[in-house]
Amino acid sequence: MWSVIKSVLAAFFGVQKEQRRREDFEEGKPLAFIVVGMVMGLLFVVGVAALAIAVAR
């Protein structure tokens, strides 16, 4: 699972290497990447919203 998380983080920042991307598509399960990506996206949105609320106070 840690491998999926690292791959999704790298994809979020756009720094994933071509070799790693190929490995993800050949060996990884799509559902794992989808779930981790959605959870990380949700955490990002909640984090930005919390930061905005904290700064606005």
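Only the coordinates and a few stated rules stand behind these numbers; no lab work does. Small disclaimer: the values here were computed from a predicted structure and weren't measured. Backbone-built Cβ (ideal geometry, glycine too); neighbour counts: all protein chains shown.
Scanning segment 7-55 for residues that are touching an Asp or Glu at 6+ places or on another chain (Cβ under 6 Å) and either in contact (Cβ under 8 Å) with a residue 60 or more places away in the chain or loosely packed, with under 10 Cβ neighbours inside 10 Å (or both) yields no hits at all.
When restricted to residues that are part of a helix (DSSP H, G or I) and within 13 Å of the chain's Cα centre (by Cα), segment 1-29 contains 12.
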